[in-house]
Amino acid sequence: MSATATVVRPASIDWVSKAQDLDSRGWTLLPRLITRDQCREISELYARAAGFRSRVVMSRHGFGRGEYQYFAYPLPDLVQALRTSLYPSLVPIANAWHERMGLDVRFPPTHAEFIERCRHAGQARPTPLLLQYVAGDYNCLHQDLYGEHVFPLQITVLLSKPADDFEGGEFVLTEQRPRMQTRVEVVPLTQGDGLVFAVNSRPVQGTRGDYRVHLRHGVSTMRKGHRHALGIIFHDAN
């Protein structure tokens with residue numbers, strides 16, 4: 001898989017409208033981020049022992065049912081390309097969110113600089129991952145936090161085709177606002193779509209200024225078939 005093989009170039013994306021989506025609901029779609037062939041190629045990596053640093057069976061840890069594997073460095077070309085090319089366009093959104101939430105941390109313009117910051121803090125294990133679900137599997141609501149340094153946005157890419165490859169297995173986001181009940185949203189994805197969403201918290205404009213809401217994400221129960229997804233997390237793990 002070539003590092004230049006992504007279908008959607010960051011410069012071709014309307015990041016102004018994507019930032020508006022993220023500000024208003026905490027997520028935004030990047031339609032047809034990668035091709036069907038690329039989806040298949042990445043999915044096929046799951047069965048190979050090489051290229052991964054660890055495998056997690058969710059039921060053993062109370063995370064749900066299903067499993068996932070974390071890629072080892074060096075990452076596959078396409079995964080590395082997505083991670084490094086999309087990060088700079090997300091930095092202005094991330095920095096604006098931190099300012100609005102009263103957080104002092106600001107993110108550097110390149111992903112290499114941010115990864116160096118993670119390494120200095122002992123976060124040196126890569127976090128991009130490949131997830132696999134079959135009938136009956138699900139992923140409990142969670143947040144992908146791996147250490148002191150957390151980039152506030154992450155991406156998932158659906159590699160399988162809904163209806164043809166699987167049924168059920170919808171991507172679910174929940175948002176908890178202060179003194180309000182939790183809001184749940186099911187995000188429609190098609191094969192090759194990327195979804196940018198908040199890792200942990202995001203700012204919301206209120207009548208007295210900005211306040212912070214907390215998000216979690218998961219996958220609903222699979223009814224049929226097989227589902228693969230790629231996770232692109234920008235910070236590394238302890």
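For D164, tell me the accessible area in Å² from a 1.4 Å probe, rounded to the nearest 10.
Its heavy atoms expose roughly 110 Å² to the probe.
Any idea what diffusion coefficient the stretch 100-238 gets from Stokes-Einstein, in µm²/s, Kirkwood Rh on alpha carbon pairs, 37 °C, 0.692 mPa s?
On the way: Rh = 16.5 Å.
It comes out at roughly 199 µm²/s.
Which trypsin sites (Lys or Arg not before Pro) does the stretch 104-149 hold that lie in a coil by DSSP with at most 12 other beta carbons within 10 Å? Please report the intermediate quantities before stating the final value.
Numbers: sites: R106, R117, R119; in loops: R106.
Sites meeting the loop and neighbour criteria: R106.
Could you sort H61, H217 by accessible area so the largest value comes first, with the probe set to 1.4 Å? Before the final figure, lay out the partial values.
Working: H61 110, H217 10 Å².
Listed by decreasing accessible area, they come as H61, H217.
Could you tell me the accessible area of S54 in Å² (1.4 Å probe, neighbours in place), rounded to the nearest ten?
Solvent-accessible area, nearest 10 Å²: 40 Å².
Sort 85-94, 133-142 by the packing proxy (mean of other Cβ within 10 Å over each peptide's residues), most packed first.
On the way: 85-94: 19.0, 133-142: 17.3.
Put in order of decreasing packing, that is 85-94, 133-142.
Can you put K224, K161, K18 in order of accessible area, largest first, using a 1.4 Å probe?
Values: K224 120, K161 90, K18 35 Å².
Reading off the accessible areas and sorting them downward yields K224, K161, K18.
What relative contact order, as a whole-number percentage, does the stretch 129-219 give when Cα pairs under 8 Å and 6 or more residues apart are counted?
Details: 141 pairs, mean separation 35.0, N = 91.
Normalised by residue count, the contact order of the stretch 129-219 is 38 percent.
Please work out the FRET efficiency for the pair H61 and L103, using the Cβ-Cβ distance as r and a Förster radius of 25 Å; give the result to the nearest 0.05. Please list the in-between numbers first.
Working: r = 29 Å, r/R0 = 1.17.
Here the calculated transfer efficiency is 0.30.
Would you compute, from DSSP H runs of 4+ residues alone, the mean residue ellipticity of the chain at 222 nm, taking -39500 (n - 2.57) per run and dividing by the full residue count, rounded to the nearest 500? Show your work: numbers first, answer last.
Values: 4 runs with 54 residues, N = 238.
Counting only the DSSP helices, I get -7500 deg cm²/dmol.
Read phi for every residue in the stretch 103-111 and hand back ³J(HN,Hα) as whole Hz from Karplus 6.51 cos²θ - 1.76 cosθ + 1.60, θ = phi - 60°, with x for Gly and Pro.
9, 6, 5, 10, 9, x, x, 10, 5
Solvent-accessible area of H226, probe 1.4 Å, all protein chains present, reported in Å² to the nearest ten, please.
The accessible area comes out at roughly 110 Å².
Do you know the relative contact order of the chain, to the nearest whole percent, from alpha carbon pairs under 8 angstrom that are 6+ apart? Please report the intermediate quantities before stating the final value.
On the way: 504 pairs, mean separation 66.7, N = 238.
Value for the chain: 28 percent.
May I ask you to evaluate 6.51 cos²θ - 1.76 cosθ + 1.60, the Karplus curve with θ = phi - 60°, for each residue of the stretch 10-25 and list the ³J(HN,Hα) values in order in whole Hz, giving x for glycine and proline?
Result, ordered by residue: x, 5, 8, 8, 7, 6, 5, 5, 5, 5, 5, 4, 5, 5, 8, 9 Hz.
Of M58, L189, Y87, whose Cα points farthest to the positive end of the dipole of the chain (charges on the beta-carbon: +1 Lys, Arg; -1 Asp, Glu; origin at the Cα centre)?
Towards the positive end, the residue furthest out is M58.
The values are calculated or read from the model by the stated rules, or taken from the named source; none is laboratory data. These figures come from a predicted structure and were not determined experimentally. Reconstructed Cβ throughout: ideal geometry from the backbone, glycine too, with neighbour counts over all protein chains shown. Surface accessibility is based on the protein's heavy atoms, side chains included, excluding ligands, DNA and RNA. Shrake-Rupley method; radii C 1.70, N 1.55, O 1.52, S 1.80 Å.
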